[in-house]
């Protein structure tokens, strides 16, 4: 039996199990990610590409599950079936579909738990497939077949 859509706001985490500090959503609204007041990440929704980060790429989740690894996060962002997080030391991590390089880990395969974005760079902010370093240089990763990387290719 299908669950009917909600056309008015509903309490997502009822009753709230923890205070929240940041909200993020995957670009196709298929998964949600939050940071709690202790900077731990939680996710729910579609899990088929590992975008929830809980070592699961099979079972969708209708309530929050912890992103594995025990990391504390400065920020998180959702992409199209993937997630990017900036850890407490300002290093980027990603998880999810990864089939076109979205995870920045020099692979074209999904990951259902956080993997380090290669390069060892610290960022002050992130977006889905991009990071801004402390010198205000932008770094991008992913497919780049339509100029998305911004490097002239």
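For a label point 7 angstrom out from the Cα of residue 80 toward its Cβ, which stretches of the range 114-128 have the backbone nitrogen within less than 19 Å?
Within reach of a label on residue 80, which here means backbone N under 19 Å from a point 7 Å along Cα→Cβ, the range 114-128 contributes 127-128.
If each residue of separation counts as 0.36 nm, what is the full-extension length gain between residue 55 and residue 143 once their alpha-carbon separation is subtracted?
In short, 29.3 nm is gained.
Could you sort 21-27, 49-55 so that the peptide with the highest average Cβ count within 10 Å comes first and the rest follow in order?
49-55, 21-27
For residue 134 and residue 108, what does the FRET efficiency come to when R0 = 25 Å and r is the distance between their Cβ atoms, rounded to the nearest 0.05?
That gives a FRET efficiency of 0.30.
The numbers here are math on the coordinates, done by the rules we state, and not lab data. Because the structure is predicted, anything quoted here is derived from the model rather than measured. Cβ coordinates were reconstructed from backbone atoms using ideal geometry, including for glycine residues, and neighbour counts include every protein chain displayed.
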